[in-house]
Amino acid sequence: MSSIENQPPEETPIMDGHEMGRALTRIAHEIVERNKGVKNLALVGIRTAGVPLAKRLQKIIRNIEQVDVPLGELDITLYRDDLGLRKNQPVLKRTDITFHISDLIVVLVDDVLFSGRTIRAAMDGLMDLGRPAEIQLAVLIDRGHRQLPIRANYVGKNIPTSRDENIRVFLEELGDHDRVCKLESGGQVDQP
Amino acid sequence: MSLKRKDLLSISSLSPEEIDLILEAAEPFKEVSGREIKKVPALRGKTVVNLFFEPSTRTSTSFELAAKRLSADVINFSPGSSSVVKGETLLDTARNIESMQADIIVLRHSSSGAAESLARHVRSSVINAGDGWHEHPTQGLLDLFTIKEKKGRLSGLSVAIVGDVAHSRVARSDIHALLKMGAEVRVVGPPTMIPAFIERMGVKVFSNFDAALPGVDVIIMLRLQLERQGRSLFPSMREYATLYGLNSERVQRTGTDLLVMHPGPINRGVEISHEVADSSQAAILDQVSNGVAVRMGLMYLLSQLQ
């Protein structure tokens, strides 16, 4: 997610860089444990913030298992259910999944799980690329308020929120220092 | 930034920022066309009407494929099989199509300005797919996309457009597009094929092909439109091929890593030799596949506007 324009709203810290690192390390171990290794495993980050998180998970898994699991990048814009309902065209980016996902266990990676609509779009996008053996979901933050029957398999931290609060994940790869904050009604518009 | 317009009627009315936006939007669709399942749901439930009053195979096919890969419903409407032969005007035809809730009308017409006048009267988005000798904006955009893809930039490049510039809407769209993006444009052809006062657009005019070659990065060969003009503009095909045909020797003479383009269909042995058309420097088939991606990007952007 991009940094905030104008006056930055009040930030309540939720996670610092160390905690983020530990959460990702635990998730990586859980992924390996649940799937009994990394055979047939692939990571797919959802653009934008899911991509650097997936890369970090790949690196941690390499340290555990000495294997590079395949890594892909998925843009879900064309699969959104609010296309044509917005004032501005969402920015399109490229989907970059160079391996065949059929028969793989694909772990989708995103920063914040909220309504579940992004994940629905991501699953549709993946299905158009092949038939994975299984799709699992890893998120750094689960903030509740689901609008679809979707649940994450791996969660960094559960955070109770009200609907009009805004959770932001800042990452070094996207030009900030690592942290997660809660912002008071800062206009969550990017990812419903 | 988003594209804040209902229609795409010409390159001349676009800003460089809008051109950049369309080229960027086209980029992800190249990947879609490379997939096993070449379809995304972005235009699901939308209707695209291809309204072609002039014969065209590749442009109408390209638009049709682009719309289908976006999951739109596509209707192809051409005068031979419609009520136009019964005397219906363009506007009445279009209003009928609009009443069928078409979201995008793709129009090709032999009169310059047909798309613009249609756009003023219908609520649907109108895409100009060629109007008379005026413009063919999606060809201009796909040419820019191809040059940028192969050369990595547009600004500062030197591009020659060779052939019947006067009767070519492709040339006009290309000239506008290239100049807006900061390229230098040389137009080459016999004086009968170069419009008067074209240098006022900001291009350099050459009647000698060889003099225009040194340092040129891209050559866009125009098709000799035999069916449109008869043979009155030059003495013989053989002379035309000798003076204005692109062959290996001329490619050598540029002294650059030349990119050769052609909007198709090519007349082998007339404006372009076999060796050049089949060489690795020719991007003619890339233009075709990029055309689908560019038209997908454009329709995606236009369909997002309320």
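The values are calculated or read from the model by the stated rules, or taken from the named source; none is laboratory data. For clarity, every value in this text was computed on a predicted model and none was experimentally measured. Here Cβ is always computed from backbone atoms with ideal geometry, including for glycine, and neighbour counts include all displayed protein chains. In case anyone asks, the SASA skips ligands and DNA or RNA and just uses the protein heavy atoms, side chains included. Shrake-Rupley method; radii C 1.70, N 1.55, O 1.52, S 1.80 Å.
Quick one: what are the phi-derived ³J(HN,Hα) couplings along segment B:96-107, Karplus 6.51/-1.76/1.60 with θ = phi - 60°, whole Hz, x for glycine and proline?
Result, ordered by residue: 4, 5, 5, 5, 8, 6, 6, 8, 10, 10, 9, 10 Hz.
Round to the nearest 10 and give me the degree value, 0 to 90, for the angle of helix B:16-33's Cα axis relative to the longest principal axis of chain B.
80 degrees
³J(HN,Hα) across segment B:287-303 via Karplus (A = 6.51, B = -1.76, C = 1.60, θ = phi - 60°), whole Hz, x for Gly/Pro?
For segment B:287-303, the Karplus curve yields 4, 5, 6, 5, x, 5, 5, 5, 5, 5, x, 5, 5, 4, 5, 5, 6 Hz.
Rounded, prolate or oblate: which fits chain A when a ≥ b ≥ c are the square roots of the eigenvalues of the alpha-carbon gyration tensor, with rounded for a/c under 1.5 and prolate only if a/b beats b/c?
Because a/c hits 1.5 or more and a/b fails to exceed b/c, chain A counts as oblate.
Give A:Lys39/A:Lys59; A:Lys39/A:Lys157; A:Lys55/B:Lys38; B:Lys4/B:Lys180; B:Lys4/B:Lys46; A:Lys55/B:Lys151 a once-over and call out the pairs whose C-alpha atoms are over 22 Å from each other.
Exceeds cut-off: A:Lys39/A:Lys157; A:Lys55/B:Lys38; A:Lys55/B:Lys151.
Go ahead and estimate [θ] at 222 nm for chain B from helices alone: -39,500 (n - 2.57) per DSSP H run with n ≥ 4, summed, over the residue count, rounded to 500.
Here the helix-only value at 222 nm equals -11500 deg cm²/dmol.
List the residues, sorted by chain then number, that are 5 or more residues from A:Leu137 or on another chain and whose placed amide H is less than 5 Å from its amide H.
A:Leu108, A:Asn153, A:Tyr154
Could you do me a favour and compute the accessible area per residue for segment B:133-238, 1.4 Å probe, result in Å²?
38 Å²
Suppose R0 equals 25 Å. What FRET efficiency, 1/(1 + (r/R0)^6) with r the Cβ-Cβ distance, do A:Arg151 and A:Glu172 give to the nearest 0.05?
So, using R0 = 25 Å, E works out to roughly 0.30.
Taking all protein chains as present, what is the carbon and sulfur share of the accessible area of chain B, in % to the nearest whole number, probe 1.4 Å?
Solvent-exposed carbon and sulfur of chain B make up 51 percent of the total.
Please list, in chain and number order, the residues 5+ apart from B:Val106 or on another chain whose amide H is under 5 Å from its amide H, with Hs placed from the backbone.
Residues meeting the criterion, in which the H sits 1.01 Å from N, are B:Val49, B:Asn50, B:Leu51, B:Ile127.
Explain nothing, just compute: Karplus ³J(HN,Hα) = 6.51 cos²θ - 1.76 cosθ + 1.60, θ = phi - 60°, for every residue of segment A:30-41 in order, whole Hz, x for Gly and Pro.
Once rounded to whole Hz, the list reads 5, 4, 5, 5, 4, 9, 6, x, 10, 5, 6, 9.
Given Cα pairs under 8 Å that are at least 6 residues apart, what percent is the relative contact order of segment B:218-301?
It rounds to 36 percent for segment B:218-301.
What angle, in degrees between 0 and 90 and rounded to the nearest 10, separates the Cα long axis of helix B:58-69 from the longest principal axis of the Cα atoms of chain B?
Once rounded, the angle reads 50 degrees.
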